[in-house]
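*Asks:* Handing you this structure, nothing more for now.
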Amino acid sequence: MNQGLPQPILVHDTFTAAKRELELREPGRCGVYCCGPTVYDLCHVGNARAAVVPDVIVRFLRHQGLQVKYVRNVTDIDDKIIARAQAEDVPAMAVAERYADEYGRDMAALGNLEPDVAPRVSGHLPEIVEMIERLLARGLAYVADGDVYYRVAAFAEYGKLGKRRPEDLLEGAGSRIEVDARKESPLDFALWKAAKPGEPAWDSPWGPGRPGWHIECSAMCGKHLGETFDIHCGGRDLIFPHHENEIAQSQGAYGPGTFARYWLHNGFIDFAGEKMSKSLGNFFTTREVLALHDPETVRYFLLTVHYRSGLNFDVRVDCPACGAELDREAQDQGRCAACGAEPGREALRARVRFPGLEEADDRLAYVYATLAGARRLLHEAAAVPPPAPGELLPAFCEHMRNDFNTGGALGTLSRPLAEANTLLAATKGVDKAARLQWLAGFVADMDQVAAILGCFGADPEDWLRRRRGRRAATAGLDIRRVEALLAARREARAAKDWARSDAIRDELSALGLTVKDGPEGTSWDFA
RNA sequence: GGCGGCAUAGCCAAGUGGCUAAGGCGACGGUCUGCAAAACCGUUAUCCCCGGUUCGAGUCCGGGUGCCGCCUCCA
């Protein structure tokens with residue numbers, strides 16, 4: 001069937017546990033829902049990945065010509081928000097408002113497109129209540145003391161997404177699942193929670209209260225994407241119970257065969273090989289990482305591996321006193337085993353480095369330097385022939401069509417980038433028109449790659465300038481002193497005083513810089 | 001205990017049964033350079049183990065081993 005796509009796209013669907021060809025509910029159109037954050041604190045890097053992944057998927061689907069409606073919710077009613085509000089003695093909605101803003105800032109910094117709709121739970125109480133009433137009417141839910149629970153036993157499909165059998169789940173009921181006398185079964189989950197004194201509450205047929213965690217997504221999907229839509233995204237950990245429960249609710253309300261047609265789940269981010277947890281060495285907010293690296297570098301790094309794989313952030317901390325690399329234990333103790341210094345955990349945390357991101361930053365700089373060179377050459381040319389259709393974009397898209405394989409797609413760029421640099425360096429023996437034509441095609445293709453990835457799209461010169469400025473700032477470098485040294489070295493080189501020239505270069509390299517002497521003069525960068 | 005995932009070079013990593021197993025980092029050799037740096041070129045793996053299916057398997061099936069995750073809030 002024609003899907004309104006130039007070529008078929010394969011997607012890995014969690015429900016069927018297999019790669020399937022994307023068949024749209026309506027050719028040419030695609031509805032995408034992404035489970036967004038619960039806004040009770042600054043978002044962490046895992047949240048960033050969970051947003052970048054669907055963002056790239058949406059960008060690619062649009063690039064392939066689909067009309068995409070992208071919905072990413074914000075959970076602004078939740079126990080953790082209430083807990084934080086009570087701790088700070090402010091209204092819960094104020095907490096939610098604040099962190100929803102912060103989330104928006106982080107997402108924008110990372111280059112994520114605005115979703116078409118960013119619904120909030122607090123704006124969908126009527127839809128939620130209506131859905132619960134539907135479930136009650138169908139015998140799939142029951143009221144107990146102002147709470148409403150989903151009757152899991154009444155939904156035969158329960159457990160299919162998460163590959164779980166209700167019997168197995170019940171086995172560990174005593175220890176794993178909190179037993180609540182009001183529930184018919186320990187597996188039943190809350191659709192509506194009666195408000196306790198002091199908690200924010202909304203009116204409902206069952207008394208004042210608030211929605212359970214899962215029902216919001218079912219209700220918001222229904223409202224903004226319809227009873228059935230194409231793609232539902234989220235982190236792996238949401239498969240069970242969150243997405244399982246969404247299916248139970250939505251199919252319970254709308255009938256079999258409704259709701260999301262494809263379930264896409266992204267893998268976790270680890271720090272230093274461990275799942276994030278709130279101990280020193282392996283929990284980082286997006287904000288913290290963005291303070292150390294260009295947001296585009298972070299985005300690029302997130303896209304270097306396939307979205308379903310785990311992604312490890314190496315964490316490196318060196319002792320401020322002796323420079324020794326500290327292991328995890330030393331980091332937790334805030335003490336250097338090599339020299340005995342005790343800088344403390346906080347001081348060490350301030351010295352954290354992410355080698356993977358540093359490598360990614362270098363790679364991005366290479367790409368931008370190549371683009372800068374190509375653009376400069378094209379700009380200087382009197383006449384540029386129309387771009388030659390290259391192989392870059394088709395090869396790139398072939399990987400993207402295979403379950404949005406950004407890692408594989410990025411790999412296809414290496415050859416063309418090297419080729420571009422070869423052409424840029426070639427001064428003789430190349431056909432000038434052919435060279436310009438190839439480079440024009442390269443730049444045109446890279447523009448499209450940039451639109452798909454949300455990377456490589458900045459002005460190359462600006463990006464490289466920003467990078468140097470950022471690194472100069474973190475290194476506490478005095479640019480004027482660097483300029484003075486470079487001027488002195490230029491003089492020495494003009495006089496062919498190599499000894500002095502090299503001495504100045506040594507001085508610069510002691511500052512952590514490297515100089516490059518090219519035909520168009522000397523440039524410098526960080527080593 | 002139940003369920004799921006992963007195992008590819010020194011490190012990271014792509015691989016939709018079939019030509020010489022992408023790519024990046026690192027290392028080594030070379031071109032360029034006053035010397036360097038950058039850039040470019042080249043070298044750097046038979047895919048955890050055992051068995052099976054197949055004309056053909058890193059890719060499918062079974063059994064091991066080892067990591068990791070979920071089953072409780074979690075992206």
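*Asks:* Across the range A:342-372, what is the number of residues that are more than 16 Å from RNA strand B (Cβ to nearest atom) and under 18 Å from A:VAL315 (Cβ atoms)?
*Replies:* Within the range A:342-372, residues that are more than 16 Å from RNA strand B (Cβ to nearest atom) and under 18 Å from A:VAL315 (Cβ atoms) number 10.
*Asks:* Can A:SER501 be described as surrounded by 15 or more Cβ atoms within 10 Å (Cβ to Cβ), within 15 Å of RNA strand B (Cβ to nearest atom), more than 20 Å from A:LEU290 (Cβ to Cβ) and not β-branched (Val, Ile, Thr)?
*Replies:* Taking the combined requirement at face value, the residue satisfies it.
*Asks:* Pick out the one residue from A:ALA248, A:ALA253, A:ALA272, A:ALA260 that is more than 8 Å from RNA strand B (Cβ to nearest atom) and surrounded by fewer than 19 Cβ atoms within 10 Å (Cβ to Cβ).
*Replies:* On inspection, the qualifying residue turns out to be A:ALA272.
*Asks:* Still on this structure: I need every pair where a residue in the range A:495-507 that is in contact (Cβ under 8 Å) with a residue 12 or more places away in the chain and under 18 Å from A:SER523 (Cα atoms) has its Cβ under 7 Å from the Cβ of a residue that is more than 10 Å from RNA strand B (Cβ to nearest atom) and in a helix (DSSP H, G or I), sequence separation at least 6 or different chains.
*Replies:* A:ILE504/A:LEU485; A:ILE504/A:ALA488; A:GLU507/A:LEU485
*Asks:* Here's another thing I want to ask about it. Which condition from (1) buried (at least 22 other Cβ atoms within 10 Å of the Cβ); (2) within 15 Å of RNA strand B (Cβ to nearest atom); (3) touching a residue at least 60 places away in the same chain (Cβ under 8 Å) is the one that A:CYS30 breaks?
*Replies:* (2)
*Asks:* Still on this model: Filter the range A:386-422 down to the residues that are more than 10 Å from RNA strand B (Cβ to nearest atom) and part of a helix (DSSP H, G or I) and list them by number.
*Replies:* If the condition is that a residue be more than 10 Å from RNA strand B (Cβ to nearest atom) and part of a helix (DSSP H, G or I), then A:LEU392, A:LEU393, A:PRO394, A:PHE396, A:CYS397 are the ones that fit.
*Asks:* Do you know which of the residues in the range A:294-322 that are among the aliphatic types (A, V, I, L, M) and farther than 30 Å from A:PHE396 by Cβ is surrounded by the fewest Cβ atoms within 10 Å (Cβ to Cβ)?
*Replies:* Of everything passing the filter in the range A:294-322, A:ALA321 is surrounded by the fewest Cβ atoms within 10 Å (Cβ to Cβ).
*Asks:* Take A:GLY65 and tell me if it is out of contact with any helix residue (DSSP H, G or I) (no Cβ under 7 Å at 6 or more places or on another chain), surrounded by fewer than 23 Cβ atoms within 10 Å (Cβ to Cβ) and assigned to a loop (DSSP other than H, G, I, E, B).
*Replies:* So A:GLY65 fits the description; yes.
*Asks:* With respect to A:VAL56, determine if the residue is away from RNA strand B (no atom under 11 Å from the Cβ) and assigned to a helix (DSSP H, G or I).
*Replies:* For A:VAL56, the condition - away from RNA strand B (no atom under 11 Å from the Cβ) and assigned to a helix (DSSP H, G or I) - is met.
*Asks:* Still on this structure, I have one more. Which of the residues belonging to the range A:469-492 are surrounded by fewer than 17 Cβ atoms within 10 Å (Cβ to Cβ) and within 14 Å of RNA strand B (Cβ to nearest atom)?
*Replies:* Answer for the range A:469-492, where residues must be surrounded by fewer than 17 Cβ atoms within 10 Å (Cβ to Cβ) and within 14 Å of RNA strand B (Cβ to nearest atom): A:ALA488, A:ARG490, A:GLU491.
*Asks:* Regarding the range A:216-229, can at least one residue be identified that is more than 25 Å from the chain's Cα centre (by Cα) and farther than 30 Å from A:TYR262 by Cα?
*Replies:* No; the residues of the range A:216-229 include none that is more than 25 Å from the chain's Cα centre (by Cα) and farther than 30 Å from A:TYR262 by Cα.
*Asks:* Does A:ALA83 satisfy being hydrophobic (A, V, I, L, M, F, W, C) and on the phi > 0 side of the Ramachandran plot?
*Replies:* Considered against the rule, which asks whether it is hydrophobic (A, V, I, L, M, F, W, C) and on the phi > 0 side of the Ramachandran plot, A:ALA83 comes out as no.
*Asks:* Do we have A:VAL71 as within 29 Å of A:TYR300 (Cβ to Cβ), touching a His at 6+ places or on another chain (Cβ under 7 Å) and assigned by TED's automatic domain parsing to the domain that holds A:ASP116 here?
*Replies:* So A:VAL71 passes the test.
*Asks:* Further, regarding this structure: If only one of A:ALA108, A:ALA94, A:ALA85 is surrounded by 15 or more Cβ atoms within 10 Å (Cβ to Cβ), among the hydrophobic types (A, V, I, L, M, F, W, C) and part of a helix (DSSP H, G or I), which one is it?
*Replies:* A:ALA85
*Asks:* Evaluate the following for A:SER218: is it under 16 Å from A:GLY31 (Cα atoms) and within 16 Å of RNA strand B (Cβ to nearest atom)?
*Replies:* In short, yes.
*Asks:* Also, I was wondering about something else. Among the numbered conditions (1) outside the structural domain of A:ARG120 (by TED's automatic domain parsing); (2) within 16 Å of RNA strand B (Cβ to nearest atom); (3) crowded, with 20+ Cβ neighbours inside 10 Å, tell me where A:PRO8 comes up short.
*Replies:* It is condition (3) that A:PRO8 fails.
*Asks:* Which condition number in (1) assigned to a helix (DSSP H, G or I); (2) over 30 Å from A:GLY235 (Cα atoms) is the one that A:LEU364 fails?
*Replies:* For A:LEU364, the exception is condition (2).
*Asks:* List every residue pair whose Cβ atoms sit under 8 Å apart, with the two residues 6 or more apart in sequence or on different chains, where the first one lies in the range A:357-380 and is among the polar types (S, T, N, Q) and the second, anywhere, is surrounded by 15 or more Cβ atoms within 10 Å (Cβ to Cβ).
*Replies:* From the range A:357-380, the pairs are A:THR370/A:LEU417; A:THR370/A:ALA420; A:THR370/A:ASN421; A:THR370/A:LEU424.
*Asks:* I would also like to ask the following. Return the only residue of A:CYS233, A:CYS221 being touching a residue at least 60 places away in the same chain (Cβ under 8 Å), in contact with a strand residue (DSSP E or B) (Cβ under 6 Å, 6 or more places away or on another chain) and within 19 Å of A:GLU157 (Cβ to Cβ).
*Replies:* Exactly one residue qualifies, and that residue is A:CYS221.
*Asks:* Of the conditions (1) surrounded by fewer than 19 Cβ atoms within 10 Å (Cβ to Cβ); (2) more than 30 Å from A:ARG62 (Cα to Cα), A:LEU187 fails just one. Which one is it?
*Replies:* For A:LEU187, the failing item is (1).
*Asks:* At least 1 residues that are under 24 Å from the mean Cα position of the chain (by Cα) and not hydrophobic (A, V, I, L, M, F, W, C) in each: list the helices (runs of 4 or more DSSP H) lying fully within the range A:440-525 that qualify.
*Replies:* Of the helices (runs of 4 or more DSSP H) lying wholly inside the range A:440-525, those with at least 1 residues that are under 24 Å from the mean Cα position of the chain (by Cα) and not hydrophobic (A, V, I, L, M, F, W, C) span A:460-475.
*Asks:* Mind checking whether some residue in the range A:427-434 is within 14 Å of RNA strand B (Cβ to nearest atom), free of Cβ contacts under 8 Å to residues at least 24 places away in the same chain and either closer than 18 Å to A:PRO387 by Cα or among the aliphatic types (A, V, I, L, M) (or both)?
*Replies:* Looking for residues that are within 14 Å of RNA strand B (Cβ to nearest atom), free of Cβ contacts under 8 Å to residues at least 24 places away in the same chain and either closer than 18 Å to A:PRO387 by Cα or among the aliphatic types (A, V, I, L, M) (or both), one finds at least one in the range A:427-434, hence yes.
*Asks:* In the range A:323-339, is there at least one residue being touching a residue at least 60 places away in the same chain (Cβ under 8 Å) and either surrounded by fewer than 19 Cβ atoms within 10 Å (Cβ to Cβ) or not in a loop (DSSP other than H, G, I, E, B) (or both)?
*Replies:* no
*Asks:* Report, by residue number, each residue of the range A:507-521 that is within 10 Å of RNA strand B (Cβ to nearest atom) and surrounded by fewer than 15 Cβ atoms within 10 Å (Cβ to Cβ).
*Replies:* A:SER509, A:THR514, A:LYS516, A:ASP517, A:GLY518, A:PRO519
The values are calculated or read from the model by the stated rules, or taken from the named source; none is laboratory data. All values derive from a computational prediction rather than experimental measurement. For neighbour counting, all protein chains shown are included, and Cβ atoms are generated from backbone atoms with ideal geometry for every residue, glycine included.
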